[in-house]
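A short write-up of the structure that comes next.
The values are calculated or read from the model by the stated rules, or taken from the named source; none is laboratory data. Note that the coordinates shown come from a computational prediction; the quantities given were computed from them, not determined experimentally. Here the Cβ is made from the backbone with ideal geometry for all residues, glycine too, and neighbour counts use every protein chain on show.
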Amino acid sequence: MDHFFRRKRLGLLKSLLSLSLVFVSFVMIQKLKLAENVGDKQPNDADWCVPECFTFKKGIVAKPAPESSVSTVRNRELDAQRSSNGTPTHWDAQVLNCSEDASVKTKDWFQRLDSRFHQFVLRRHCRYFPMLINHPEKCTDGDVHLLMVVKSVIEQHDRREAVRKTWGKEQTINGRKIKTLFLLGKPSTGKDDKNLQKLVEFEDSLYGDILQWDFMDTFFNLTLKEVNFLKWFHIYCPSVQFIFKGDDDVFVNTQNLLELIDFKVDEDKVGDLFVGDTIAKATPIRNRQSKYYIPKELYDKPYPPYVGGGGFLMSSVVVRKLFMASEKQELYPIDDVFLGMCLQKLAISPQMHPGFRTFGITRRRVSTMNNEPCFYKSLIMVHKLSAPDLIKMWNVVQSKDLVCAQRSSI
């Protein structure tokens, strides 16, 4: 009898979970519609469209926005130029067909390897994936001075909304055009992936700022976001000048970032520009409980200098060099270390800048300094903030009522 009631309670619990998911999905859709209305956007088919009429079906890439005749001619000229030097003019990874490398299983080191790394190693040769959502027009809308590229996952809609309302807002400042893109994979299995996919497709129909590839959005796959974006940028962004790449839970002082770019341009130091919170003389973490644990069988030497992945600035020259180097570099499960390996191949040293705070203003989370607006006003990037805290801090820092005695340093 107890077994019967346990089964009955389990069935009721599953029903409640399903209803909760439906309710959350409904609330997210309403928030997205509200955001669209606040933005004074014109009505479109997505306002009333049922799920079956979304255009972003699996394997189908979003069409670019209509272009003016001038930009169309310019884009054709760029396509011809890229074709002549061997650069693809479109995303050419159309079919997902990557099986395990069975030969690895016979290696002694693989048999000793921690099992959580098996799938990564067996498919480490799988590099480029089909695109589910693409926006090739993003970089061709005139000369883009700064491209904000943000790593995110489908469930973190609130973080993307906060970024769009703050430092990731697309705008033109003193003639310098700023554009924003969010990088996504697919929702992991078991997370109601079909409904989540519909939600992100609807979100993109409102904002048009999402790039999505056909691989699972897991920690080990963050490196896939790096290499797929590098290739995407190489194909579609011939005239972008600078790229800020970061997480969706950071604060970025856009004005200070632009000032840093101006300084580097004035000093003629953009050819090898890769700047952030540099980590040097680091070694792999051997603690099995750590998120960043790496077994000796996978990597057994010190890391090259690398920049914390919370946020960093690069010139387009460096991004193109990184793409070439990344194609010859074996994938590594920690994405910012992987970029450090590519930089090492290029003999480029990442530059340390105190304005980038990967670990917060101070590593002591309870410190009041982590909530002091005058520090945020003087820094470039601070990691990490929740979506409400990001919006709150942004509004305080932008306020004319904020008075700081001087530019703060720590």
| Taking region 265-285 on its own, how many of its residues are within 24 Å of Lys138 (Cβ to Cβ) and in contact (Cβ under 8 Å) with a residue 40 or more places away in the chain? | 5
| request: Check whether at least one residue in region 268-287 is over 24 Å from Met341 (Cα atoms) and assigned by TED's automatic domain parsing to the domain that holds Asp158, and report yes or no. | output: yes
| note | Lys165: passes all of (1) closer than 17 Å to Leu390 by Cβ; (2) surrounded by 21 or more Cβ atoms within 10 Å (Cβ to Cβ); (3) charged (D, E, K, R) but (2)
| query | Taking only pairs six or more apart or across chains, which ones have beta-carbon atoms under 7 Å, a first residue in region 334-360 that is in the same structural domain as Ile285 (by TED's automatic domain parsing), and a second residue that is of a type in the set (Phe, Trp, Tyr) and surrounded by fewer than 18 Cβ atoms within 10 Å (Cβ to Cβ)? | reply | Ile334/Tyr292
| Hey, among His135, His125, His90, which residue is at pLDDT 95 or above and either under 20 Å from the mean Cα position of the chain (by Cα) or not aliphatic (A, V, I, L, M) (or both)? | His135
| request: Collect the residues in region 179-224 that are β-branched (Val, Ile, Thr) and either surrounded by fewer than 21 Cβ atoms within 10 Å (Cβ to Cβ) or not assigned by TED's automatic domain parsing to the domain that holds Phe242 (or both), keeping them in residue-number order. | output: Thr189, Thr218
| message | So for region 291-308 (the condition being surrounded by 20 or more Cβ atoms within 10 Å (Cβ to Cβ) and modelled with pLDDT under 95), does at least one residue qualify? | response | yes
| Just one of the numbered conditions (1) surrounded by fewer than 17 Cβ atoms within 10 Å (Cβ to Cβ); (2) of a type in the set (Val, Ile, Thr); (3) touching a residue at least 40 places away in the same chain (Cβ under 8 Å) is not true of Thr106; which one? | (3)
| said: Just to be sure I understand the filter: pairs with C-beta atoms under 8 Å, separated by 6 or more residues or on different chains, first member in region 384-402 and aromatic (Phe, Trp, Tyr), second member outside any loop (DSSP other than H, G, I, E, B). Which pairs pass? | reply: Trp394/Lys165; Trp394/Phe251
| note | Result of the Cβ filter at 7 Å on region 140-169, keeping first residues that are assigned by TED's automatic domain parsing to the domain that holds Asp192 and under 15 Å from Cys237 (Cβ atoms) and partners that are in a strand (DSSP E or B) and among the hydroxyl-bearing types (Ser, Thr, Tyr), at least 6 apart or interchain, is Met148/Thr180
| task | With the condition kept exactly as written, say whether any residue in region 354-362 is within 24 Å of Lys225 (Cβ to Cβ), at pLDDT 95 or above, outside any helix (DSSP H, G or I) and not β-branched (Val, Ile, Thr). | result | yes
